[in-house]
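Coordinate-derived values only; no laboratory data. Source: prediction; values computed, not measured. Cβ placement follows ideal geometry from the backbone for every residue including glycine, while neighbour counts extend to all protein chains displayed.
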Amino acid sequence: MDVEAMGREAQKYVWEGAIPLQIHLHESEVTTLPHPSPALVLAPRMGYLPLLLPLLKPHFSSTLPPGVDTIWFEYKGLPLKWHIPTGVLFDLLCAEQERPWNLTVHFRGYPGNILTPCEGEDSVKWSFINSLKEAAYIVNGNCKNVMNMSQSDQVELWHSVLNGNMETYQRVSSKLKLEKVGDQYVGKPNSNLLKSRTNTGETDTGGPVKTGRIPVRLYVWSVSKDFDDLEDAPQIDSWDQISYMNRPVEIHREEDKCFTLRDAVKALLPELFVEKTLIDEEIPRIELEEESRAPSDDESNTRNEEDVEEKQGENVECCCPSDDAETKLKLVRIQGIEPKLEIPFSWVVNNLMNPEHFLHICVFVKVPQAKPLPHDR
Amino acid sequence: MEPSHQVTSALLLMLSLRNGKGSTLFSLHGHGYLGQNHHGRGLFVTREHVHSQEDHDEKSHKGNEEPNCLGKDEYIDNATLVQSYRQDVRYFDFHIVYSASYRVPVLYFRTYSSDGQPLLLEDIEKELPGNSTNVLMESKWTFITQEEHPYLNRPWYKLHPCGTSEWMKLLFLTDPSLGGSQGVPVELYLSSWISMVGQAVGLKVPLEMFNKRKE
């Protein structure tokens, strides 16, 4: 199978990917006996939880207290952000991916101090289109192509996402001219971010100008206590434990070298990769800091070590004298898989991105005890 | 009992550019001279919007016994509920956050009353001075949405950034002295930017802030 065909197959898997959910109604909203059984739902990875309302309402309506429905979900006490795709929530919050994923649904008592309001499908659609505009701006330097979409195209695009219809989606979205990322593209890193924008990406004709920037949303979960197995991973009980980075990745290719997934993660989280050499993925290696080398500029001044993930995402335990003092990249998860970091980033983007044209990457990091990973640089 | 509408004297404006390249901080004291401090990563503007009610004075006059609505001669307890002068204070927090996607600063804000109750957008729009609601309604470039604050994990209001680059460009193109091919200095960009977006949310920027450029 050639690379193109493999890509198309990957996309199909991604579009058809779904998370089995076992959804329990919160007991405060149960007014009848016996308790209703949990609803068993297959939720599309690329979808959003509030869109499940038409499936869930009939199941629970007979037991709900009177009032207006404002649906929201929680996982072990953590209210779930509805604008994050379902698959990403699952990848991020369930280190050891439990199937079915047990969630609690509420129809009342929306936590408006934590979650932005959601008024059903329209809110989700607005958030989706907004993200798509942002992605278009990142790739083309303007969002004209999205803003100029005809009404019928917009409707068709949204429905293709609602129904998980990849063919329709690809047909409509191709009109947006959000070009696939090519390996051969060479872009320059943008040094002065504050220059007057007269020369960015905006031509008189409104046509796209490749900026070499890729829309990426990165979710970093840092823990200070190491764990061997994913099932020992501590639970996330607040969104403050997750660093969310909505930052485009600029692809720049050096001669004869491919811009890999590792390069992309490194561009976003440079503090994780003090060592610049490529790691042979077959052999786990420990990068020990040489005593003779001058201390690195790295602000946290840690000894960095890179774990190499095996196919199942389990970590190879490297013995190291002072475990607690390291920053370790434990896991990189995209669309439920742990791709090898050597894969060309362009392939990852083209085949694993979500329909709003963002690539969502979940990263699990173990940080030294007293020094939390900075949010951003 | 007319509520009177006052802005307190403490308009403190601190701008910090969050682009990872370090921060430049301006602080504006009182009615505005521009100072420059070095600060950490904080970025916020707070304006206190005070509604004061003078009723606490009036109530104390109503001390006499009056028949209650049932017509009985009952003793009316004339203890005065002393209302704190600052009971109806509305707080605004403004944050300026750099958007890596749009490569412009974005204004986030929230507003709440003194008991911490957040206020709704409709109520906020009533509070804004007249011309700012015009700016909001007429301009296709400014609209307010409620979104998650990128760092605080809470819903805040945001002035949508997708038009920012366009009108900032227009702003600088119309005045050749304001920059040029070398690009615009950060301080100038920011003060121009805040003078534009501030209009949409009722923030006034004193002229003094513009007198300090290129010295």
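A few comments on the model shown:
- Cross-link pairs exceeding 30 Å between alpha carbons, from the set A:Lys76/A:Lys366; A:Lys81/A:Lys340; A:Lys12/A:Lys266; A:Lys177/A:Lys266; A:Lys225/A:Lys340; A:Lys175/A:Lys330: A:Lys175/A:Lys330.
- Ordering A:Leu51, B:Leu173, A:Leu115 by the number of other Cβ atoms within 10 Å of each residue's own Cβ, fewest first, gives B:Leu173, A:Leu51, A:Leu115.
- Cut-off 19 Å (backbone N to label point 7 Å along Cα→Cβ of A:Gln369), residues of segment A:211-253: A:222-228, A:234
- Net charge contributed by nearby residues that have their C-beta within less than 14 Å of A:Met149 (K/R +1, D/E -1): +3
- Based on the reciprocal of the average 1/r between different C-alpha atoms, the Kirkwood radius for segment A:94-169 equals 15.3 Å.
- Each pair of Cα atoms in segment A:39-114 enters the Kirkwood radius, and Stokes-Einstein at 20 °C and 1.002 mPa s then converts it into a translational diffusion coefficient of 163 µm²/s.
- Rg and Dmax of segment A:11-138, based on Cα coordinates, read 15.0, 53 Å.
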